[in-house]
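Below is one structure, written out as structure tokens; the observations come after it.
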Amino acid sequence: MPVFRQELKFTLAPQEAELLSFRLSRALPRDPNAGANGLYTVRSAYFDDLYNTVLFEKIMGVNDRVKYRLRLYNGDENLIRLEKKSRREGCSYKESMALSREDTASLLSGTALRESELPDPLLQGFLLFFKRGASVKAVIEYDREAYVYPAGNVRVTLDRHLRVSHTPSDFLSPAPTTFPVSERALTVLEIKYDRFLPDFIQDLLQGGSYNMRESVSKYALGRRFA
């Protein structure tokens, strides 16, 4: 049985983001995958079908939904992942598998992969979705500041400078052409944990306007004008 994690999302104004970053940096260890500046760049290509089902299910607040995306970090094409993210009653579960650059390029161009050669169940489910006319609708990129804590398997991230391209090939481009997802500078705060969130981390998160939980989707933000 998959273990669904609690997932909370908020948007922060620049001043709130800086204050929270200051607090977190003095209380929690950073993600070991971060660079010397404590950041890394995330790029995701989101798929949707001909009817924009993924987008509309998000907007309508459907409790049980799934989305597929391609993801890479810091532009490293040796670490491309195909991910399936399932969401149910405010909790999430992520599955992923490695994908070659060649197979990634095929999917970006709208060419299906040969199922007989790729028996992974995650990929089989994705290919059924792909054959129903799914394609890349948005490529989202942002700079991530991440903190972790072992008790509760906690992960807190601050995602800044959200930008989007609606050209699928930009996912593999060394210099994608992007524009901001919003006219105002915003940071997306995400808090993920298993069964509990330690009290001291809850205390760190107090005091901002982000105490009200939001339904934030980077994919939906990237589709505002497309």
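The values are calculated or read from the model by the stated rules, or taken from the named source; none is laboratory data. All figures in this text were calculated on a predicted structure; none of them were measured in a lab. Ideal geometry is used to build each Cβ from the backbone, glycine not excepted, and the neighbour counts take in all protein chains shown. Note: areas computed on protein heavy atoms with side chains; ligands, DNA, RNA excluded. Shrake-Rupley method; radii C 1.70, N 1.55, O 1.52, S 1.80 Å.
For the range 30-116, GluC sites (Glu not before Pro) are listed when DSSP marks them as loop and at most 11 other Cβ atoms sit within 10 Å of their Cβ; the list is Glu89.
The alpha carbon centroids of the range 1-66 and the range 99-160 are separated by 15 Å.
Let me make sure I get this right: for the range 109-194, a, b and c are the square roots of the gyration tensor eigenvalues over alpha carbons, sorted descending. Under 1.5 in a/c it's rounded, otherwise prolate if a/b > b/c, else oblate. Which is it? Don't skip to the end; give the middle numbers.
On the way: a/c = 2.76, a/b = 1.30, b/c = 2.13.
Here the range 109-194 falls in the oblate category.
What number comes out for the charge environment of Val62, summing +1 per Lys or Arg and -1 per Asp or Glu over other residues with Cβ under 12 Å away? Please report the intermediate quantities before stating the final value.
On the way: positive: Lys58, Arg65, Lys67, Arg87, Arg88; negative: Glu57, Asp64, Glu89.
Summing Lys and Arg as +1 and Asp and Glu as -1 gives +2.
Among the protein heavy atoms, those of Val148 account for about 40 Å² of accessible surface (1.4 Å probe, every chain in place). Within the chain, the longest segment free of exposed loop sites, counting trypsin sites (Lys or Arg not before Pro) that fall outside DSSP classes H, G, I, E and B and have at most 13 other Cβ atoms within 10 Å, spans 27-113.
Using only helices, what value at 222 nm comes out for the chain when you add -39,500 (n - 2.57) per DSSP H run of length 4 or more and divide by the total residues, to the nearest 500 deg cm²/dmol? Display every interim value, and only then the final one.
On the way: 6 runs with 50 residues, N = 226.
Helices in the chain give a 222 nm mean residue ellipticity of -6000 deg cm²/dmol.
Projected over all directions and averaged, the alpha-carbon convex hull of the chain occupies 12.7 nm². Loop-resident chymotrypsin sites (Phe, Trp or Tyr not before Pro) (DSSP state other than H, G, I, E or B) in the range 27-113 with no more than 12 further Cβ atoms inside 10 Å of their Cβ: Tyr51. Which entries in Lys84/Lys218; Lys9/Lys131; Lys9/Lys85; Lys9/Lys94 show an alpha-carbon gap greater than 22 Å? Beyond 22 Å between Cα atoms: Lys9/Lys131. Accessible surface computed residue by residue for the chain, with neighbouring protein chains in place and a 1.4 Å probe, gives 51 Å² per residue. Amide H to amide H distances under 5 Å link Ala13 with no residue, where only residues 5 or more positions off or on other chains count and H is placed in the peptide plane. Within the accessible area of the range 1-136, what % is carbon and sulfur when the probe is 1.4 Å and the other protein chains stay in place? Its accessible area is 53 percent carbon and sulfur atoms.
Tell me which GluC sites (Glu not before Pro) from the range 136-217 have a DSSP coil assignment and no more than 10 other beta carbons within 10 Å of their own. Let's see the in-between values first.
Numbers: sites: Glu141, Glu145, Glu183, Glu190, Glu214; in loops: Glu183.
Loop-located and lightly packed - Glu183.
Under the 0.36 nm per residue contour assumption, what length would be gained going from the current alpha-carbon distance of Leu19 and Glu95 to full extension? Let's see the in-between values first.
Numbers: separation 76, 0.36 × 76 = 27.36 nm, distance 3.28 nm.
This chain segment gains 24.1 nm when fully extended.
Treating the angle as unsigned and between 0 and 90°, give the value, to the nearest 10°, between the Cα long axis of helix 121-131 and the longest Cα principal axis of the chain. Approximately 60 degrees, to the nearest 10.
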